[in-house]
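Quick notes on the structure that follows.
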Amino acid sequence: MNTNPSGAMHEYWRSLEERARTPEFERWLHAEFPAAAEEWVSEIHRRDFLRLMGASVALAGLGACTKQPLEKIAPYVKQPEQIVPGKPLHFATATTFVGYAQGIVVTSHEGRPTKIEGNPEHPASLGATTVWAQADVLDLYDPDRAQAITKAGQISTWDDFLPELNLALERQQQTGGSGLRILTQTITSPTLGRQLADFAKKFPNARWHQWDPMTRQNIHIATGSGEHIYNVAAASVIVSFNSDFLYLHPAALRYAREFASARQVRQVKGARMNRLYVAEPTPTITGASADHRIAVAARDIEMIAATLAQGLGLVEGIDPTLLADPIPKWIKAAARDLSANQGRSMVIAGETQPPAVHLLVQKINHHLGNIGRTILPGRQVVANPLDQTESVRALIRDMNNGAVDLLFIIGGNPVFDAPVDLAFATALGRAKLCVHHSLHTNETSLACHWHIPAAHFLESWSDALAFDGTPTIIQPLIDPLYAGVTAHELIEAVIRQPVRSAFEIVRESWRTAKPSLDFDFDWRRALNHGVVPQASEEAIAASIQTGQSRALNQSGLEILFRPDPNILDGRYANNSWLQEMPQPFTKICWDNAAIVSPQLAKQEALKTGDVVELEFRGKKIAAPVWIQPGQSENSVTLHFGNGRKEAGRVGRNVGFNAYELRTADALWFGEGLTLRKTGSKHEFATTQHHHAIEGRHMFRAGTLAQFSTDPNFASRMTEVPKRNETLYNPDEFKNAGYAWGMVIDLNACIGCNACTIACQAENNIPVVGKYQVSVGREMQWIRIDSYYNGSAEAPELNHQPVPCMHCEHAPCELVCPVGATVHDDEGLNLQVYNRCVGTRYCSNNCPYKVRRFNFFELNSKLSASEKLGKNPDVTVRSRGVMEKCTYCLQRINAARHVAELDHNRSIRDGEVMPACAQACPTEAIIFGDINNSNSRVSEFKRSPLNYGMLAELNTRPRTTYLAKLRNPNPELASL
Amino acid sequence: MAQIFSPRSNVQAKVIIVATILLVCAGGWLTSAVWWSPYTTYVNVPFDQPVPFSHQHHVAGLGIDCRYCHTSVETSSFAGIPATETCMTCHSQLWTEALLLAPVRASLTSNTSLKWTRVYDLPDFAYFDHSIHVRKGVGCSTCHGRVDQMPITWKTQTLYMKWCLECHRAPQNYLRPQNEIYHMAWHPSKDQTALGRQLIAQNHIDTSGRLTNCSTCHR
């Protein structure tokens, strides 16, 4: 047990296995690299082995004697005006999350998009990116994308498609389109909205249906149209009812930035933090950031919200004693806190909660006077918001009745992801002609007659609206790699021919919608900035409706459906960066699990990896169990999106398909789940125990109250040797010029993984696959460690990103026999790939375990298209080479050249931004010159919360941490 | 007991020992010779090119500035290879029927790039930037030699790291004033060291040792 100087006890654990000290955990702890340390049990005799090794060494030496191959160089025929070879260009466009725009700026090297960053001018990005935006560039180059128009699986062409389409349309024209249907996902594109309105005019009897497995319909039903806009920064008290507004939300990046800014504490004077209460059934990124989190069943949240409303005097007749401890205490404290912060608080409910909860929450916010202060009225962003479950149900009914002659499915994969009880696939068989438009050939494409490959958004002209209605014109960076067609062009083919290009369609749509004197100028400005300037349009007033709440408190097992935190609803299933990203909390890669609580596991005698049979509404699936601390006792979470049968080489047969249990009446949660142990076992690939270091104060946290009385609590937890306590020159690493350093603010970090994927994209980091992850050979340079604190049932959840610390006294450098890891004069701990011979001594000697080894030639099997996505400014490493975080050396050097070419000025603070820091939504990673006392990083390092991880080993890390603070309500000392 | 070794063994042993030493030395010499020979380094080896372009004719004969074709040498890491259109600015008027220029015309009409063989090709793990070298006072001919005397282009330096370091360790021996950068015939005078030191100060060149850090070129 670790006791910190102030007397508070903190015992952090990374997993239940560590807590229980199972042999599995001990194995990972003591053998740092267990796969490599195993005893030699080969059939080969020792002498034969030596003989073979001798021969391989000799041959390997000869292999190095190759001379450099001759390369060809191909200049342009006509030099494009803006392209300077060697200088990347940047273009503003937008990616979408469940249809909502998030502004991005894409880096293009000689016409190849290679990296996506956030657009600081865009309200939903503020310069940050989500993991999905980072990974979008990999999707663009995915060799498994649909590459040709197909008819019944046979390659066809657009010119063959049009006559067949026209024939079908001619027949529809006579009946006003009574047999014509369009099925889309959630759409915010104004142009597509206008096109579909034209479509409705031309075919008055046709229908437009929508289905999106991550539908936000519960919110739209409750508000009548748009979503509210939250001013999170202005809220001192936030209560979240199962809303993951920091991660799975169209405005997550903005809300996360605002949330963290209201929690930033560096000095004792004027230290203030907001306070977050979360009630949720399964741990989320938002829940982990809470000051008071209770794990409750999803079905109980309505009751809890109603009880809170009763505590504020808004409803009556609810018996709070029905709720188990400590929920009533939590409600009471939250109610008191909210009442004390009227107009400075906000209550938010998640899209998985029924409309009744949203109505209750609106009522509470209205009562507290938060509307207009912390909650602003939203605009209608989604084109034609409707109840998507009913919409897809109506479509299926029509198809079953044989009323559908011609069906267009624009995007999505309803055969795979529509509610299972509606039997979409069977109904689809009765549609006379169906056309599917999507990026990949998926389950739905195979069930349709025609498949039209979609152009990736980096290849197409389009537009989209952000959560607050800000429009962005989506502009292409590259011509379609394959025969991709945009949705605009496909719809245009239905309403008028000849089909104009997507560029003309989008531009015309904006010209008519926003006529201006100088349209060309406005258009160019909108493209340049990535946002269309908004006249203050009529905002939708926050409608206050009254909802009747039901008192719920059933027992029995509850099933929860959630999008996969990595691949969402399955749309990113073939994206290997996302598949290999360790999921928050579980750290599972390449898989999904039935997540159960420790209590339920004990009751049912389950262990992690046990395969159980889940039965829900008469449907059964087998799924492996994962025991998750902080999971609500009787809730079983299934992440949908995996289990794809037709997803390409990466996504095929990864995990199990949770959609097989998801019914229309239980889109997000439902009761009546039964669970039966099957006796078989499943191996997860999880990085949970990798790089475990025990008995050290790696992660440090305290409370705001503790900080006020004892600001130095974190740095005093260990005794750090003084600078001059060395036999060597203590100022050896006092750099004369720049001295690069980093601070990671644990108080801001929400554990969203954006840094991990941004680093992977920037630094050409390969993926290794499930098996290699399971033996500890993952390659990501920055990992997010999870630390739990407290009981297994209701733990506190914490995150800690760990990149290379760039130690001044770097243990790795001392043991390298070939000088492949050395210091430079600006304090960077370098890894010189062309010197490295792969002894891996450095990795053994690294106390932080941040060095990664290329066991295989992971980059040699790339397809031609994947090679296009590599960053040309970073070496693509080969087999047998160690690698690790470089502080994005290529960006430092680029900034240095810019500064020196600009009259030899110095690099300005903030001019060098490593990929991780740039992607971070909460600005938790600060990088800069620590020799400059005015730099932000120096300012952060002066905070009393600053501490060096394992600094007691006298490694003098250049990357340091600011300890995490929580702001618990004194009323709820035990929660 | 019979003698195992005959008297001749002494001689045999000596010969074997000397031969072994010679063989090892010869092996070492051979490796080094191959390593430094034009076979490996391509130094002074002219390459076959789609068009036998003569720098001698264009630079010395016609007086065209380097930057007319290598446009991005002052702004980018890559100096730039001229687009076909650049060739055609003159050759749409001059030598319009020349057989030698047929590939250039074909490139323009078919809109496909000319494919030159790269003469100066650094390994992919070394990152070189033309703009910063030019700005700091490294002239073209320091690395590329007397291009104005080459009827077809060849490499004049090995591009081995040893060669790079010669300048990164002692830039004063190679720097020249800004107005001499593109001057092909420039060569250091007797007081080069003094001029070099002056240019080091003037161009803010860091000679504290940072230029020989691995991170300067490798990332």
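The values are calculated or read from the model by the stated rules, or taken from the named source; none is laboratory data. Everything numeric here is computed off the predicted structure, so don't read it as measured data. Neighbour counts are summed over all protein chains in view; Cβ atoms, including those assigned to glycine, are modelled from backbone coordinates with ideal geometry.
Restricting attention to the stretch A:471-510, the residues that are of a type in the set (Asp, Glu) and surrounded by fewer than 18 Cβ atoms within 10 Å (Cβ to Cβ) add up to 3. Looking across A:210, A:134, one residue alone is in contact with a strand residue (DSSP E or B) (Cβ under 7 Å, 6 or more places away or on another chain) and not assigned by TED's automatic domain parsing to the domain that holds residue A:472. It is A:134. Among the conditions (1) within 14 Å of chain A (Cβ to nearest Cβ); (2) free of Cβ contacts under 8 Å to residues at least 60 places away in the same chain; (3) in contact with a Gly (Cβ under 7 Å, 6 or more places away or on another chain), the only one that residue B:172 does not satisfy is (1).
When the stretch B:105-115 is limited to residues that are out of contact with any helix residue (DSSP H, G or I) (no Cβ under 6 Å at 6 or more places or on another chain) and either surrounded by 18 or more Cβ atoms within 10 Å (Cβ to Cβ) or among the small types (Gly, Ala, Ser) (or both), the one that is farthest from the other protein chains (Cβ to nearest Cβ) turns out to be B:106.
Each residue in the stretch B:67-104 was checked for being away from chain A (no Cβ under 11 Å) and over 20 Å from the mean Cα position of the chain (by Cα), and 16 pass. Restricting the stretch B:56-66 to residues that are of a type in the set (A, V, I, L, M) and assigned to a helix (DSSP H, G or I) leaves a set whose member that is nearest to the other protein chains (Cβ to nearest Cβ) is B:59. Counting only strands (runs of 3 or more DSSP E) that fall entirely inside the stretch A:158-253 and contain at least 3 residues that are closer than 30 Å to residue A:300 by Cβ, the qualifying elements are A:237-241.
Restricting the stretch A:731-776 to residues that are within 16 Å of the chain's Cα centre (by Cα) and outside any loop (DSSP other than H, G, I, E, B) leaves a set whose member that is nearest to the other protein chains (Cβ to nearest Cβ) is A:759. Among the candidates B:161, B:150, the residue that is within 12 Å of chain A (Cβ to nearest Cβ) and over 27 Å from residue A:902 (Cβ atoms) is uniquely B:161. Sub-7 Å Cβ pairs linking a first residue in the stretch B:36-47 that is without any contact (Cβ under 8 Å) to a residue 40 or more places away in the chain to a second residue that is among the hydrophobic types (A, V, I, L, M, F, W, C) and in a loop (DSSP other than H, G, I, E, B), at least 6 apart or interchain, are B:38/B:45, ordered by first then second residue. Under the condition of being part of a loop (DSSP other than H, G, I, E, B), hydrophobic (A, V, I, L, M, F, W, C) and out of contact with any His (no Cβ under 8 Å at 6 or more places or on another chain), which residue from the stretch A:599-653 is surrounded by the fewest Cβ atoms within 10 Å (Cβ to Cβ)? The extreme case among them is A:605. Of all residue pairs spaced 6 or more apart or on separate chains, those with beta-carbon atoms under 7 Å, a first member in the stretch B:116-134 that is within 15 Å of residue A:875 (Cα to Cα) and more than 7 Å from chain A (Cβ to nearest Cβ) and a second member that is hydroxyl-bearing (Ser, Thr, Tyr) and surrounded by 15 or more Cβ atoms within 10 Å (Cβ to Cβ) are B:128/B:77. Sub-7 Å Cβ pairs linking a first residue in the stretch B:196-219 that is under 17 Å from residue A:897 (Cβ atoms) and at the interface with chain A (Cβ under 7 Å from one of its Cβ atoms) to a second residue that is among the hydrophobic types (A, V, I, L, M, F, W, C) and part of a helix (DSSP H, G or I), at least 6 apart or interchain, are B:215/A:889; B:219/A:889, ordered by first then second residue. For the stretch B:83-100, indicate whether the set of residues that are out of contact with any helix residue (DSSP H, G or I) (no Cβ under 9 Å at 6 or more places or on another chain), in a helix (DSSP H, G or I) and assigned by TED's automatic domain parsing to the domain that holds residue B:141 is non-empty. The answer is no; no qualifying residue exists. Within the stretch A:572-588, being outside any loop (DSSP other than H, G, I, E, B) and either closer than 19 Å to residue A:288 by Cβ or within 13 Å of the chain's Cα centre (by Cα) (or both) holds for A:577, A:578, A:579, A:588.
In this structure, is residue A:731 under 30 Å from residue A:899 (Cβ atoms), surrounded by fewer than 19 Cβ atoms within 10 Å (Cβ to Cβ) and not assigned by TED's automatic domain parsing to the domain that holds residue A:259?
yes
The one condition from (1) out of contact with any Ser or Thr (no Cβ under 8 Å at 6 or more places or on another chain); (2) under 23 Å from residue A:822 (Cα atoms) that residue A:772 does not meet is (2).
Whenever a residue of the stretch A:294-308 is in contact (Cβ under 8 Å) with a residue 60 or more places away in the chain, its partners that are among the charged types (D, E, K, R), lying with C-beta atoms within less than 6 angstrom and at least six residues away or across chains, give the pairs A:297/A:558; A:299/A:558. Does the stretch A:190-198 include one or more residues that are assigned by TED's automatic domain parsing to the domain that holds residue A:412, more than 22 Å from the chain's Cα centre (by Cα) and among the acidic types (Asp, Glu)? Looking for residues that are assigned by TED's automatic domain parsing to the domain that holds residue A:412, more than 22 Å from the chain's Cα centre (by Cα) and among the acidic types (Asp, Glu), one finds at least one in the stretch A:190-198, hence yes. Contact annotation: residue pairs with Cβ atoms under 8 Å, 6 or more positions apart or on different chains, pairing a residue in the stretch A:313-341 that is assigned to a helix (DSSP H, G or I) with a partner that is among the aromatic types (Phe, Trp, Tyr), are A:330/A:277; A:333/A:277; A:334/A:277; A:337/A:277.
Here the condition is being surrounded by 14 or more Cβ atoms within 10 Å (Cβ to Cβ) and either assigned to a helix (DSSP H, G or I) or out of contact with any strand residue (DSSP E or B) (no Cβ under 6 Å at 6 or more places or on another chain) (or both); of B:72, B:32, it holds for B:72 alone. From the list A:708, A:680, the one residue that fits, being over 20 Å from residue A:574 (Cβ atoms) and part of a helix (DSSP H, G or I), is A:708.
Among the residues of the stretch A:65-121, those identified as under 24 Å from residue B:125 (Cβ atoms), buried (at least 17 other Cβ atoms within 10 Å of the Cβ) and among the small types (Gly, Ala, Ser) are A:86, A:108. Filtering the stretch A:261-284 to residues that are among the small types (Gly, Ala, Ser) and either closer than 30 Å to residue A:558 by Cβ or outside any loop (DSSP other than H, G, I, E, B) (or both) leaves A:261, A:279. Looking only at the stretch B:182-193, decide whether some residue is aromatic (Phe, Trp, Tyr), more than 9 Å from chain A (Cβ to nearest Cβ) and either farther than 30 Å from residue B:116 by Cβ or without any contact (Cβ under 8 Å) to a residue 24 or more places away in the chain (or both). The answer is no, given that none of the residues of the stretch B:182-193 is aromatic (Phe, Trp, Tyr), more than 9 Å from chain A (Cβ to nearest Cβ) and either farther than 30 Å from residue B:116 by Cβ or without any contact (Cβ under 8 Å) to a residue 24 or more places away in the chain (or both). One residue stands out in the stretch A:802-824 among those that are among the hydrophobic types (A, V, I, L, M, F, W, C), assigned to a loop (DSSP other than H, G, I, E, B) and over 33 Å from the mean Cα position of the chain (by Cα): the one that is nearest to residue A:781 (Cα to Cα), namely A:820.
From the list A:184, A:175, exactly one residue is of a type outside the set (D, E, K, R) and closer than 27 Å to residue A:215 by Cα. Which is it?
Going through A:184, A:175 in turn, the sole match is A:184.
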